[in-house]
Every structure is written in structure tokens, then in C-alpha cells.
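> First the structure, which I've put down as C-alpha cells, then a few questions once you've had a look.
The values are calculated or read from the model by the stated rules, or taken from the named source; none is laboratory data. Note that the structure is predicted; figures quoted are calculated from it, not measured. Because the Cβ atoms are built from the backbone with ideal geometry, glycine has one as well, and the counts that use them run over all protein chains shown. Note: areas computed on protein heavy atoms with side chains; ligands, DNA, RNA excluded. Shrake-Rupley method; radii C 1.70, N 1.55, O 1.52, S 1.80 Å.
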Amino acid sequence: MENALLVETKPIRNYHSSIFGKLEIQKKKKSLTINPNENHSPPPLIKIHHNHQPPTQPNHSTFLIFFFFFSSQKENIKKKMSSFFFLSFLLFITLSSAAQHHHSPKKPPSLAATSAIQQLCSATHFPQQCESTLSQSNLPPNPTTLQLIQASIATTSTNLATAQTMIQSLLAASKDSVNRTVAANTCLEVLHNSNYRISLANASLPRANTKDARAYLSAALSYTYDCWNNLKYANDTKQVGETMSFLDSLSALTSNALSLAFNYDAFGDETASWKPPATERDGYWEQSGAGPVSEVKFPDKANADVTVCKGSESGCVSTVQEAINKAPDGVNGNGGKRFVIYIKEGVYEESVRVPLEKRNVVLLGDGMGKTVITASGEAGQPGRTTYNSATVAVLGDGFMAKDLTIQNTAGPVAHQAVALRLDSDLSIIENCEFLGHQDTLYAHSLRQFYKSCRIVGNVDFIFGNSAAVFQDCEILVCPRGVKPEHGESNAITAHGRTDPAQATGFVFQNCLINGTEEYMAMYHSNPKVHKNFLGRPWKMYSRTVFIHSTFEAIVTPQGWSPWDGDFALKTLYYGEFENSGPGSDLSQRVPWSSKIPAEHVLTYSAQNFIQGNEWITSSKLSSQGGNKSNNRISKHQ
């Protein structure tokens with residue numbers, strides 16, 4: 001699942017003492033896991049950084065850090081999880097460094113500003129830090145709600161810049177360590193992406209694009225955690241520990257900004273109604289409604305900008321990466337038009353990367369199984385993580401792909417091995433096939449739409465923290481391990497939402513859940529030893545729903561699997577609505593799963609959940625996302 005670096009031979013000393021690290025649950029559910037290094041910690045309880053303007057060159061001894069309990073949890077959850085969580089206070093103050101970085105005192109906020117700050121910050125998970133940072137911001141005497149939110153975002157951005165500087169310093173000091181070098185490079189990539197998303201969020205709010213702002217801040221929070229988690233597996237120096245501590249602080253700042261955006265989207269300027277973000281389990285449902293649909297269509301491959309082919313055919317390039325490199329950079333690259341790459345039939349053995357700067361890239365193949373992009377990266381290889389094991393990884397927004405296969409051939413006994421990792425906002429994938437075993441599809445972040453796709457794997461093979469809608473897709477379990485006939489327990493999904501304000505989740509509409517032909521032959525020979533669950537909670541606020549889908553017999557009657565003990569069972573949301581097939585009977589479902597109320601099922605339509613009416617053509621959307629489609633896909637019996 002998460003980034004699992006191949007540990008170096010020398011012992012690793014843990015230099016980081018934050019609650020982030022103390023909350024790691026070290027034992028695994030062996031029946032569901034291959035890699036012992038995989039993380040499955042609860043979401044972070046984050047240390048608080050009170051310096052509003054951190055120095056350009058960070059001096060780590062100047063950080064004033066507090067640990068606060070994750071205040072959004074209900075009291076009974078706190079008591080239940082007391083064996084995991086505890087309250088700690090650490091203070092690092094050096095008088096000399098304070099003198100070196102002395103700032104002239106700012107004029108305190110007016111009484112009106114103070115009252116507004118307290119009102120807004122009561123709706124966050126870290127209200128004391130929220131009040132502290134906003135009180136140190138340059139605010140007018142009577143700040144508007146929007147100005148306060150943007151001040152919170154600005155503080156997050158300032159601290160993010162400091163985190164990037166710290167990571168650069170760490171990278172320069174890590175020439176002797178493959179693990180630290182890989183972790184630092186991954187951090188630089190995800191934090192660069194985070195910086196971009198935060199700037200987009202700040203620009204979206206004045207234009208009343210609150211859904212966009214929430215999507216961007218949700219991703220930014222995920223990327224900060226990704227960086228922290230990468231460093232966790234390379235935590236062998238004091239510098240790494242100090243960097244992780246600062247990332248704790250940055251996560252709290254981002255969480256607060258996200259909570260404010262959540263409430264602004266829900267209640268606008270009616271701040272008296274603001275409260276800490278809640279979920280469906282608390283009885284909170286997003287408002288649903290649909291608007292006009294934009295005309296977004298797949299371009300014709302006859303008009304491709306670049307063609308990729310095998311052999312010596314003239315007029316084309318030989319690798320997919322070479323074609324992507326030809327795409328222009330920037331928002332207005334190629335005149336703001338889509339850059340179309342036609343990949344002719346053939347097997348292309350390569351790892352492909354679409355960087356953040358390459359927007360609106362379109363990959364068009366000749367069909368599933370005909371155009372194949374394949375590689376075999378896995379987390380067990382030296383210096384390799386789940387994040388960078390992907391055969392194809394996409395960061396640039398507006399990505400589209402159609403009529404091709406992407407696979408990872410690391411094999412059934414490998415560690416985490418991703419076929420596609422997708423971080424492209426407003427991405428559309430149609431009639432594509434993703435083949436792998438553990439962690440096949442890493443739907444990592446932002447808004448994604450999958451139509452008529454086939455996804456094959458076994459352990460957590462659809463995972464991540466995106467807002468992804470899957471319509472008319474075929475989800476197939478394949479054999480696992482050296483002797484799969486002896487039995488196994490598989491989880492199809494593992495959604496990774498860490499904060500209730502994150503606008504993320506997996507939605508499956510009109511999909512088929514079954515096994516490959518090879519798996520079904522093995523399953524029918526001894527059904528009792530083969531257990532397949534719809535999902536398990538990778539993180540505290542995991543969210544996955546199935547609507548009008550077909551569950552074949554391989555779906556176990558309990559439906560859903562815990563991750564470890566009672567972790568996340570009171571905070572996740574796993575919902576089902578009007579599914580069919582032998583595996584759809586709800587009578588034996590685990591008590592912590594839910595039947596979606598009919599009056600709220602439209603919450604999960606593509607139009608509402610990922611604002612698909614603004615960027616997905618109506619021909620690709622099931623009617624309101626809640627009505628059954630006549631385009632029922634074929635089944636493997």
C-alpha cells in the first residue's frame with residue numbers, strides 16, 4: 001500500500017518522537033497483506049507550529065510545538081482509542097535563536113476581528129493554532145470571512161515553502177543513503193504539487209469556486225502526509241526527525257484551511273452555523289443537485305499531435321514517454337487545447353511519467369489488450385516505493401486515456417506494484433484495462449472519472465485518497481500468491497481519507513464485482529477458503545460506496561473487512577444501495593457498514609460528487625448516477 005522502501009542493512013534509529021510515529025500500528029492483518037513495511041497508521045495527531053513567519057533557512061530549535069488530540073472525534077471514540085492516543089506537550093526554545101530571528105510586534109487584531117477569528121476557528125480541528133496564526137496575520141479591522149480563509153491559506157503556503165527548503169537541505173545531506181534520497185525526491189515532487197494546489201485554492205475562492213478549493217486543499221493535505229510517510233521509512237538521522245516534526249505542523253495548518261473551506265462551501269458567510277466538519281456517519285450529507293453538462297469529448301486519433309508505433313514506421317516515435325515529452329508545458333501550452341497521442345497496437349515496455357506541467361494530455365490506443373504499456377516496478381526493489389512503482393504516473397491536470405491496457409507484471413508474490421498512479425484533476429479514463437495484483441490502481445488524489453474500464457488485482461487493488469467515480473466498470477479478483485488454491489482474504493478497495501473535511505471517496509455505479517476466469521475456476525473448487533471483501537479502511541475516514549452494481553458469489557456475506565481491530569470502524573463510511581447478485585444480500589453485513597438512504601443517493605452522482613456536469617460530457621454519465629444503466633457489462637461466471 002504505502003511507500004515501503006527497501007530498508008538498508010544498518011539499523012535505523014528513530015529520531016522522530018511525534019505522535020505521528022507513536023500512532024503507528026506495527027502489526028499487520030497477515031491475511032490481507034504482503035509487505036511488512038506497509039503503513040497503516042491512524043491519521044496524524046499533529047504538532048502545532050506557532051511561528052507565523054518561519055525563517056527562510058529554518059532553525060529547528062525555534063519551533064514551539066504542541067500536540068493536540070484530534071478534537072473532531074466523539075468522546076466515546078476518544079475513550080475507545082485511548083490505548084493508541086495520548087496527550088503530549090514538547091517545548092523547544094533557544095533564546096539565542098529567538099534573538100536572531102526577532103520580529104517586530106504586530107498590532108493586535110481589533111475586537112471585531114478577534115471575535116470573527118474565534119468563531120471561524122471553532123469549526124476547525126486545531127482551534128488554538130487557528131486563532132494564533134490568524135491573529136498574527138495582517139487583517140483589516142473588520143475582515144470578511146473570505147479574507148480570514150485566505151489568511152489561513154497564506155500561512156499554510158508560507159510554512160510549505162519552509163518545508164520545501166528543509167527537504168532540499170535533507171536531500172543535499174543524503175548522498176550516503178538511497179532511502180533518504182528517494183524519500184526526499186518524492187517529498188520535493190509532492191510538495192511542489194501541494195504548492196500548486198494551494199495557489200489554485202486561493203484563486204478559486206474569490207470566484208466562488210468553493211468545490212474546486214476544497215478539492216485542491218484536500219489534495220494538498222494528502223501530499224503533506226505522503227511526504228511525512230516517505231520520510232518515516234528513512235528516519236535514521238536527527239535531521240529527518242526534525243523535518244517530520246515540521247511536516248506535522250504543516251499538516252495541522254492545511255487541515256485548518258481545509259475545514260474553513262468546507263464550512264464556507266456548506267454555509268457561506270453564515271458563520272454561526274459553522275462547526276467542525278462531519279461525515280455521513282454523523283448524519284451530515286452534502287447537498288445534491290445537477291447542472292448543465294459541458295461538451296467534453298475524446299478527440300479523434302486521426303488528428304493526433306504525435307503517433308507512437310513499434311518498428312521503423314515513418315512519421316512516429318518509438319516510445320510513449322518520447323511522445324509525452326513533446327507536449328507543451330503550462331496552462332496555455334498548445335493554445336490550451338488537448339495534446340493528443342495515438343499509440344498504435346503493440347506492447348510498449350516502459351515506465352511513463354506525465355509531469356505536472358503537461359496538462360490536457362490524451363492517450364488513445366487501439367483497444368484493451370492491443371495497445372499495452374507494461375513495466376514491473378515494485379516496492380520491494382532497492383530504493384523503490386509504492387508511489388514510484390507505477391508503470392504510468394500522471395500529475396498533469398485534464399488527462400484522458402482510452403482504449404489501452406496498462407499493466408504491472410511484478411507478479412502475485414511481489415510487494416506493492418502499481419499499474420497506474422493518477423493525480424490529475426478532472427481526468428477521464430474510458431475503456432481502459434489495468435492489470436496487476438497488490439495495489440493495481442492508485443487513484444491517489446483529486447477528481448477522477450472511470451467509464452467502462454476493467455481493473456484486475458487482489459490486495460487493496462483500488463486504493464488512494466481521490467474523489468473517483470467508476471461507472472460501468474468490471475472489477476475482477478485474480479489469483480494471489482504461490483499456492484492460491486489454499487485460500488486467501490482479499491480487499492478490493494482501500495480508501496485513504498485522513499480528514500473528514502476532505503472531499504474524497506470511491507463511488508462505484510453499475511459495476512460488476514467478480515473474479516477472472518482463472519480465479520473463478522479456483523474459487524468454485526473450494527469457495528469456503530476464498531474470501532473477498534468490498535473494502536477495508538486504510539485511513540480513519542475511509543469512504544467507499546457501491547450503487548446499482550452486481551456482486552457475484554465471491555463477495556463474502558460480511559461485505560467489508562476491518563483493517564486492524566476497531567480502527568476507523570466508527571468514522572469510516574461504507575455504503576450500499578440497490579445492488580444485485582448473490583453477493584449483494586445485506587442481512588449479514590458488518591454493523592459498521594450502511595445502507596445509503598434513498599433521499600441521499602444522488603450525493604454520489606458524478607455530477608455532485610466530482611462536479612462532473614462541468615467537465616464530463618452527458619453521454620458518459622449514467623442518469624444522475626443513481627439510476628440503473630441499460631449498458632450492463634458481461635460477467636465471468
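> Return the pairs, sorted by first residue and then second, in which the second residue is modelled with pLDDT under 95 and surrounded by fewer than 24 Cβ atoms within 10 Å (Cβ to Cβ), the first residue lies in segment 242-270 and is farther than 20 Å from residue 154 by Cα and of a type in the set (D, E, K, R), the beta carbons are less than 7 Å apart, and the residues are 6+ apart or on different chains.
Once the first residue is farther than 20 Å from residue 154 by Cα and of a type in the set (D, E, K, R) and sits in segment 242-270, its partners that are modelled with pLDDT under 95 and surrounded by fewer than 24 Cβ atoms within 10 Å (Cβ to Cβ) give 242/60.
> Check whether at least one residue in segment 199-214 is in contact with a Pro (Cβ under 9 Å, 6 or more places away or on another chain) and within 30 Å of residue 359 (Cα to Cα), and report yes or no.
To start, the set of residues in segment 199-214 that are in contact with a Pro (Cβ under 9 Å, 6 or more places away or on another chain) comprises none.
No, that holds for no residue.
> Do we find that residue 145 is modelled with pLDDT of 50 or more, surrounded by 14 or more Cβ atoms within 10 Å (Cβ to Cβ), within 13 Å of residue 256 (Cβ to Cβ) and touching a Ser or Thr at 6+ places or on another chain (Cβ under 7 Å) in this structure?
Details: modelled with pLDDT of 50 or more: yes; surrounded by 14 or more Cβ atoms within 10 Å (Cβ to Cβ): yes; within 13 Å of residue 256 (Cβ to Cβ): no; touching a Ser or Thr at 6+ places or on another chain (Cβ under 7 Å): yes.
So residue 145 fails the test.
> Something else about it: Looking at segment 240-283 only, could you name the residues that are charged (D, E, K, R) and under 14 Å from residue 503 (Cβ atoms)?
As a first pass, look at segment 240-283 and keep what is charged (D, E, K, R): 242, 248, 265, 269-270, 275, 280-282.
265, 280 - these are the residues of segment 240-283 that are charged (D, E, K, R) and under 14 Å from residue 503 (Cβ atoms).
> If you check residue 525 against the conditions, is it among the small types (Gly, Ala, Ser) and modelled with pLDDT under 95? Spell out the reasoning first.
Values: among the small types (Gly, Ala, Ser): yes; modelled with pLDDT under 95: yes.
It is true that residue 525 is among the small types (Gly, Ala, Ser) and modelled with pLDDT under 95.
> Going residue by residue through segment 578-594, is there one that turns out to be farther than 22 Å from residue 283 by Cα, among the small types (Gly, Ala, Ser) and in contact with a Ser or Thr (Cβ under 6 Å, 6 or more places away or on another chain)? First the steps, then the outcome.
First, pick out the residues of segment 578-594 that are farther than 22 Å from residue 283 by Cα: 579-585, 587-588.
So of that shortlist, the ones also among the small types (Gly, Ala, Ser) come out as 580-581, 583-584, 587.
Restricting the remaining residues to those that are in contact with a Ser or Thr (Cβ under 6 Å, 6 or more places away or on another chain) gives 580-581.
Scanning segment 578-594, I find at least one residue that is farther than 22 Å from residue 283 by Cα, among the small types (Gly, Ala, Ser) and in contact with a Ser or Thr (Cβ under 6 Å, 6 or more places away or on another chain), so the answer is yes.
> Quick check on residue 406: is it under 24 Å from residue 577 (Cα atoms), open to solvent by less than 10 Å² (accessible area, probe 1.4 Å), among the aliphatic types (A, V, I, L, M) and not in a loop (DSSP other than H, G, I, E, B)?
Values: under 24 Å from residue 577 (Cα atoms): no; open to solvent by less than 10 Å² (accessible area, probe 1.4 Å): yes; among the aliphatic types (A, V, I, L, M): yes; not in a loop (DSSP other than H, G, I, E, B): yes.
Taking the combined requirement at face value, the residue does not satisfy it.
> Identify all residues within segment 316-330 that are assigned to a loop (DSSP other than H, G, I, E, B), at pLDDT 90 or above and of a type outside the set (A, V, I, L, M, F, W, C); write none if there are none. I'd like the intermediate steps shown before the answer.
Here is the first cut: in segment 316-330, the residues assigned to a loop (DSSP other than H, G, I, E, B) are 316, 318-319, 326-330.
Checking the rest, the ones that are also at pLDDT 90 or above come to 316, 318-319, 326-329.
Residues satisfying the conditions are 318, 319, 326, 328, 329.
> Still on this structure, I have one more. Are there any pairs with C-beta distances below 6 angstrom linking a residue in segment 335-359 that is under 19 Å from residue 223 (Cα atoms) to a residue that is acidic (Asp, Glu) and open to solvent by 20 Å² or more (accessible area, probe 1.4 Å), with the two at least 6 apart or on different chains, and if so which?
Short answer, once both residue conditions are applied: 357/329.
> Mind telling me which of the residues 236, 269 ends up being on the phi < 0 side of the Ramachandran plot and modelled with pLDDT of 95 or more?
Values: 236 fails: modelled with pLDDT of 95 or more.
Step by step, each of 236, 269 is checked, and only 269 is on the phi < 0 side of the Ramachandran plot and modelled with pLDDT of 95 or more.
> Given the residues 409, 405, 371, which is the only one that is modelled with pLDDT of 95 or more, among the β-branched types (Val, Ile, Thr) and touching a Cys at 6+ places or on another chain (Cβ under 9 Å)? Before the answer, list the steps.
Numbers: 409 fails: touching a Cys at 6+ places or on another chain (Cβ under 9 Å); 371 fails: touching a Cys at 6+ places or on another chain (Cβ under 9 Å).
None of the other options fit; the residue is 405.
> Could you tell me whether segment 273-285 includes any residue that is closer than 30 Å to residue 124 by Cα, modelled with pLDDT of 95 or more, in a loop (DSSP other than H, G, I, E, B) and among the basic types (Lys, Arg)?
yes
> If you don't mind, another one. Could you tell me whether residue 544 is of a type in the set (Val, Ile, Thr), in contact (Cβ under 8 Å) with a residue 60 or more places away in the chain and open to solvent by less than 30 Å² (accessible area, probe 1.4 Å)? Steps first, please.
Values: of a type in the set (Val, Ile, Thr): yes; in contact (Cβ under 8 Å) with a residue 60 or more places away in the chain: no; open to solvent by less than 30 Å² (accessible area, probe 1.4 Å): yes.
No: the conditions fail for residue 544.
> Do we have residue 219 as over 13 Å from residue 356 (Cβ atoms) and assigned to a helix (DSSP H, G or I) here? Don't jump to the end; show me each part of the working.
On the way: over 13 Å from residue 356 (Cβ atoms): no; assigned to a helix (DSSP H, G or I): yes.
The answer is no for residue 219.
> Test residue 394 against the stated conditions and say whether it is within 30 Å of residue 200 (Cβ to Cβ), in contact (Cβ under 8 Å) with a residue 60 or more places away in the chain and open to solvent by less than 10 Å² (accessible area, probe 1.4 Å).
On the way: within 30 Å of residue 200 (Cβ to Cβ): yes; in contact (Cβ under 8 Å) with a residue 60 or more places away in the chain: no; open to solvent by less than 10 Å² (accessible area, probe 1.4 Å): yes.
Against the criterion (within 30 Å of residue 200 (Cβ to Cβ), in contact (Cβ under 8 Å) with a residue 60 or more places away in the chain and open to solvent by less than 10 Å² (accessible area, probe 1.4 Å)), residue 394 does not qualify.
So that you can scan it fast, the table gives a plain yes or no per residue for (1) assigned to a strand (DSSP E or B); (2) modelled with pLDDT of 50 or more; (3) within 24 Å of residue 278 (Cα to Cα); (4) of a type in the set (D, E, K, R):
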| site | (1), (2), (3), (4) |
| --- | --- |
| 85 | no, no, yes, no |
| 120 | no, yes, yes, no |
| 130 | no, yes, yes, no |
| 140 | no, yes, no, no |
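> Which pairs have Cβ atoms under 6 Å, sit 6 or more apart or on different chains, and link a residue in segment 435-446 that is farther than 12 Å from residue 395 by Cβ to one that is at pLDDT below 95 and open to solvent by 10 Å² or more (accessible area, probe 1.4 Å)?
Listed pairs, sorted by first residue: 437/412; 438/34.
> If you don't mind, another one. Going through segment 346-373 one residue at a time, which ones are more than 23 Å from the chain's Cα centre (by Cα), of a type outside the set (Asp, Glu) and in a loop (DSSP other than H, G, I, E, B)?
Scanning segment 346-373 gives 365, 367, 368, 369, 370.
> For the subset of segment 477-497 comprising residues that are crowded, with 24+ Cβ neighbours inside 10 Å and touching a residue at least 60 places away in the same chain (Cβ under 8 Å), which member is farthest from the chain's Cα centre (by Cα)?
Kept after step one, since they are crowded, with 24+ Cβ neighbours inside 10 Å, are these residues of segment 477-497: 477, 490-497.
Those left that are additionally touching a residue at least 60 places away in the same chain (Cβ under 8 Å): 477, 490-491, 494, 496.
Working: 477: 22, 490: 21, 491: 18, 494: 11, 496: 6 Å.
Among those residues, the one meeting the criterion is 477.
> On to the next question. Can you tell me how many residues within segment 546-565 are over 26 Å from the mean Cα position of the chain (by Cα) and of a type in the set (Asp, Glu)?
1
> What strands (runs of 3 or more DSSP E) lie completely within segment 422-469 and have 1 or more residues being touching a Lys or Arg at 6+ places or on another chain (Cβ under 8 Å), surrounded by fewer than 24 Cβ atoms within 10 Å (Cβ to Cβ) and modelled with pLDDT of 95 or more? Give the derivation first.
On the way: elements: 427-435, 441-443, 447-451, 454-457, 462-464.
Output list reads 427-435, 447-451.
> Within segment 292-313, can you find the residues that are out of contact with any strand residue (DSSP E or B) (no Cβ under 6 Å at 6 or more places or on another chain), at pLDDT 85 or above and in a loop (DSSP other than H, G, I, E, B)?
As a first pass, look at segment 292-313 and keep what is out of contact with any strand residue (DSSP E or B) (no Cβ under 6 Å at 6 or more places or on another chain): 292-297, 300, 302-303, 309, 311-313.
Add one more test, that the residue is at pLDDT 85 or above, and what stays is 300, 302-303, 309.
300, 309 - these are the residues of segment 292-313 that are out of contact with any strand residue (DSSP E or B) (no Cβ under 6 Å at 6 or more places or on another chain), at pLDDT 85 or above and in a loop (DSSP other than H, G, I, E, B).
> Search segment 196-209 for residues that are more than 9 Å from residue 153 (Cα to Cα) and pair each with any residue that is open to solvent by less than 10 Å² (accessible area, probe 1.4 Å) and not aliphatic (A, V, I, L, M) when their beta-carbon atoms are under 8 Å apart and the residues are at least 6 apart or on different chains.
197/223
> Is there a residue in segment 599-617 that is among the hydroxyl-bearing types (Ser, Thr, Tyr), over 19 Å from residue 469 (Cβ atoms) and buried (at least 16 other Cβ atoms within 10 Å of the Cβ)?
Of the residues in segment 599-617, the ones among the hydroxyl-bearing types (Ser, Thr, Tyr) are 603-605, 617.
If we keep only those that are over 19 Å from residue 469 (Cβ atoms) too, we end up with none.
No, segment 599-617 contains no residue that is among the hydroxyl-bearing types (Ser, Thr, Tyr), over 19 Å from residue 469 (Cβ atoms) and buried (at least 16 other Cβ atoms within 10 Å of the Cβ).
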